[in-house]
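Engineer: Just passing along the structure, written as structure tokens.
The values are calculated or read from the model by the stated rules, or taken from the named source; none is laboratory data. The shown structure was predicted, so the numbers you read here are calculated from the model rather than taken from an experiment. Cβ sites come from the backbone with ideal geometry, for glycine too, and all protein chains shown count toward neighbours. Please note that ligands, DNA and RNA were not included when accessible areas were found on the heavy atoms of the full protein model with its side chains. Shrake-Rupley method; radii C 1.70, N 1.55, O 1.52, S 1.80 Å.
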Amino acid sequence: MTDVGGAPMVAARGLSRTYGSEPSTVHALRDVSLDVRSGEMLAVVGRSGSGKTTLLNLLGGLDRPDSGTVRVDGTELTGLDDAGLSTLRRETVSYVFQSFGLLPSLTALENVGVPLRLRRTPVAERERRAALLLDLVGLGAHAAQRPGELSGGQQQRVAIARALAGSPRLLIADEPTGQLDAETGLSVMALLRGIVESEGVTAVVATHDQVLVSLADRVLTIADGRVET
Ligand code: ADP
Ligand code: MG
């Protein structure tokens, strides 16, 4: 762990988020507070519908809370306008989703390079870094293949490499193993675990697979939109 005893990478206070309007309001998140230390891998567990995705979206600036505050790497997200949140998502936070989200017409190498293209990184440097990251996730030999030519586990590895391309401080993964069989899921989770250590990134990973939880540094359980203590 790279925690040097400074401010946490993520500090959330009193987060609430409701969907819809009366009388059918859904309280997806109720008064949730948490810190994630720098270099930590936090697992967020809870049944389907408990509020995991809602929480992750608030921590990564994909959504705004009805009340409460989120600070990521020293920046108060509540104070950012949409352009500020876009910058945060480009520079500081990256996402891995259950459904991989790769662009089908691009090769693995090109998919990994997408965040660098958005930053206007020169082609040669982009390809060099993308190749390095594909090696890191064990797919160096598959650089020229398109997502349709890769297994689910391989596609998720490409998505993880892509998530690292922009050197994020915070990696948010929403049920990254949800579409994978148990064995593949475990290997993807172990890969994430190793990356947190080797790349010095902080990770928040939602899962409802108890086996995967054992790889995390800490577990936050949510039930019905609240943190269970
Ligand atoms: P989880 O990721 O743990 O399955 P979610 O955060 O997706 O949980 O959902 C929490 C609750 O909020 C659920 O009751 C869900 O139905 C509801 N919810 C999530 N997103 C929306 C939405 N866009 N509109 C209405 N209700 C939603
Ligand atoms: Mg979810």
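Engineer: Give me a count of the residues in segment 170-229 that are within 16 Å of ligand 1 (Cβ to nearest atom) and open to solvent by 10 Å² or more (accessible area, probe 1.4 Å).
Structural biologist: Matching residues across segment 170-229 total 17.
Engineer: Which of the residues belonging to segment 68-105 are closer than 17 Å to Gly152 by Cα, open to solvent by less than 30 Å² (accessible area, probe 1.4 Å) and out of contact with any strand residue (DSSP E or B) (no Cβ under 9 Å at 6 or more places or on another chain)?
Structural biologist: Phe100, Leu102
Engineer: Kindly indicate whether Leu62 is within 16 Å of ligand 2 (Cβ to nearest atom) and open to solvent by 40 Å² or more (accessible area, probe 1.4 Å).
Structural biologist: So Leu62 fits the description; yes.
Engineer: So if I check each of Leu15, Leu42, Leu56, which one is crowded, with 20+ Cβ neighbours inside 10 Å, more than 22 Å from Leu192 (Cα to Cα) and modelled with pLDDT of 95 or more?
Structural biologist: Step by step, each of Leu15, Leu42, Leu56 is checked, and only Leu15 is crowded, with 20+ Cβ neighbours inside 10 Å, more than 22 Å from Leu192 (Cα to Cα) and modelled with pLDDT of 95 or more.
Engineer: Give the residue, chosen from Arg162, Arg146, Arg157, that is touching a Gly at 6+ places or on another chain (Cβ under 7 Å), in the same structural domain as Glu110 (by TED's automatic domain parsing) and either open to solvent by less than 70 Å² (accessible area, probe 1.4 Å) or more than 18 Å from Gln98 (Cβ to Cβ) (or both). I'd like the intermediate steps shown before the answer.
Structural biologist: Values: Arg162 fails: touching a Gly at 6+ places or on another chain (Cβ under 7 Å); Arg146 fails: touching a Gly at 6+ places or on another chain (Cβ under 7 Å).
Criteria check complete, one pass: Arg157.
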